[in-house]
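Structure first, then comments.
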Amino acid sequence: KHIKGFRNIPLSELPAQTGQLSKDREVIVICQSGMRSMKASKLLKKQGFTSITNVKGGMNTWR
């Protein structure tokens, strides 16, 4: 699935692609269940991102 306006970056590729994201804007992370997005949130925080929203429950709860 793809949400319009979102950039799809797999967790395995995120470390190499954080340069495509702006630290000045909110970053919203979502995955199927919420587990990978939680890992992505922690990775982004370590990279200096401060405005991160993890959609709890992932795509399973997004409607």
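The values are calculated or read from the model by the stated rules, or taken from the named source; none is laboratory data. Everything numeric here is computed off the predicted structure, so don't read it as measured data. All Cβ positions, glycine included, derive from the backbone under ideal geometry; neighbour counts span all protein chains shown.
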I'd like the residue in segment 2-40 that is in contact with a helix residue (DSSP H, G or I) (Cβ under 9 Å, 6 or more places away or on another chain) and among the hydroxyl-bearing types (Ser, Thr, Tyr) and, out of all such residues, is farthest from residue 55 (Cα to Cα).
18
Suppose we filter segment 17-34 for residues that are touching a residue at least 24 places away in the same chain (Cβ under 8 Å) and among the hydroxyl-bearing types (Ser, Thr, Tyr); how many remain?
2
Might you check whether a residue that is among the acidic types (Asp, Glu), free of Cβ contacts under 8 Å to residues at least 12 places away in the same chain and assigned to a loop (DSSP other than H, G, I, E, B) occurs anywhere in segment 6-16?
no
Selection from segment 1-29 of residues loosely packed, with under 10 Cβ neighbours inside 10 Å, among the small types (Gly, Ala, Ser) and either modelled with pLDDT of 90 or more or touching a strand residue (DSSP E or B) at 6+ places or on another chain (Cβ under 8 Å) (or both) yields 12, 16, 19
Count of residues meeting criterion [in contact (Cβ under 8 Å) with a residue 24 or more places away in the chain, outside any helix (DSSP H, G or I) and surrounded by fewer than 15 Cβ atoms within 10 Å (Cβ to Cβ)] in segment 35-60:
6
